[in-house]
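Below you'll find the structure, written out as structure tokens, and then a few comments.
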Amino acid sequence: MEPSVPPAPLMDDLVEEILLRVPPDDPALLMRAALACKRWCRLVSGPGFRRRFCERYRTPPLLGVIHSYIVPKVARFVPTSSFRHSVPYLGVARNSRALDCRYGRVLLREDPVFCGPKTPEHFRIWDPVAGKNRFLPPVQRFGAKSFNAAVLCAVAGCDHLDCYHGPFLVVFVGVANQGVFASVYSSEADAWSKPTWASYTRSLSTHVRGAHVGNSVYFVRNCTQRIHIQGLPRFGTASHIKRVLRYDLGSRKLTVIDTPPMSDERVVLMTAKGGGLGCITSSESRLYLWSREAGSDGSIGWVQSRVIELNALIPDSVDMTALGESQIDVVSFADGSGIIYTGTYCHGSFTYDIKSGRVRKVEGVCGRYQIVPYMSFYTPDLLKELAKEDLIHGVEGLLNTVAQTN
């Protein structure tokens, strides 16, 4: 009996079409495909496949969150997908705190050993997936009592599908005794701009990420309003209200706008459905979605677009009686994905997809502060491993990544 002829291997174009249909929020499947054989590895690891993969899905998935801890002072990548590090320390940034994340770039603020009035600020851009860092030159903080910063893509008209390696900007705003200032870092010039000043002196919220909408960057600004008690002129109670600080990247001007009428301590900025500025506020057991729109008289104001019941966000497996309505709150919003991130102190964190209504619990993360969503496409980059003379030893460590996802 003649031996059977083995089937012909699948054509590269057909294999690629199959692998392009792997869900982007399950990157372990692509890693398994890359480890199947050298030919598949070259396909999946190539820049052409990554570009087509990004173009197919357009919206990057939520791979994890960056959780900044006070003790010890570290920023840690906590996966919400099947992605895992084969080397655990790559997902940890020591002596740092995450302020912002866009298009795969995480903006970290370096924690100084000694912080005086003239101590400059140090930032770096971190890739928690690859474990790579880019340290920025120090920037003068002018004795700022509060500050915030945001990282942006610097390419005009970019589709942001795969712009991680392109030029970027970092907008740094701070409040000092003489007013509020803003300075912009350009990766192309590798330098900070001269600061722009305005006369506002209220503090900035360091727990709320900035929002990039159009050609402006927005940050939450705190205000303390003293309410006097009748008959006690020297005493009163403080009422904390919010404002939004706007920095125009073109004119380099700083202005202040009001927040929605129902805003309280928790105000999260976002990009609204129509592409303008939006925000999320919370009250009791509800989330309120707002957008700034033009009225019939031409004036710009806040319009409430949606109300979400917080009770509906929590799976039935969580005891709401033990949770307590006052303990769950909005934490952040992942721009471009429509994902709201909510947190509790003791019962974990949850993500809510505005479009699909899907709720997912984020394991291993509690708290309502110091949490930044990390959204990015992931495709294996194993071409360097293939170039090594001993491929087996190069892949052994990568197999641990796959084993951790099983």
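Scanning segment 255-286 for residues that are among the hydrophobic types (A, V, I, L, M, F, W, C) and either modelled with pLDDT of 90 or more or under 20 Å from Asn222 (Cα atoms) (or both) returns Val256, Ile257, Met262, Val267, Val268, Leu269, Met270, Leu277, Cys279, Ile280. Only residues that are at pLDDT 75 or above and not in a loop (DSSP other than H, G, I, E, B) were counted across segment 319-362, and they come to 20. Just to verify a result, which residue in segment 119-143, among those that are hydrophobic (A, V, I, L, M, F, W, C) and either in contact with an Asp or Glu (Cβ under 8 Å, 6 or more places away or on another chain) or within 24 Å of His67 (Cβ to Cβ) (or both), is modelled with the lowest pLDDT? My answer is Ala130.
When residues of segment 273-312 are filtered for being in contact (Cβ under 8 Å) with a residue 40 or more places away in the chain, open to solvent by less than 70 Å² (accessible area, probe 1.4 Å) and not in a strand (DSSP E or B), how many remain? Count: 3. Here Val155 clears all of (1) β-branched (Val, Ile, Thr); (2) farther than 25 Å from Val208 by Cβ; (3) in contact with a strand residue (DSSP E or B) (Cβ under 7 Å, 6 or more places away or on another chain) except the condition numbered (3).
Are any residues in segment 194-223 open to solvent by less than 40 Å² (accessible area, probe 1.4 Å) and not in a strand (DSSP E or B), and if so, which ones? Those that are open to solvent by less than 40 Å² (accessible area, probe 1.4 Å) and not in a strand (DSSP E or B): Ser205, Val208, Arg209, Gly210. What residue, among those in segment 28-77 that are farther than 24 Å from Val92 by Cα and not in a helix (DSSP H, G or I), is farthest from the chain's Cα centre (by Cα)? The residue in question is Cys37.
The values are calculated or read from the model by the stated rules, or taken from the named source; none is laboratory data. These numbers come from a predicted model, not from an experiment. When we count neighbours, we look across all protein chains shown, and the Cβ atoms used for this are built from the backbone with ideal geometry, even at glycine. Protein only, heavy atoms only, side chains kept; ligands, DNA and RNA dropped before computing areas. Shrake-Rupley method; radii C 1.70, N 1.55, O 1.52, S 1.80 Å.
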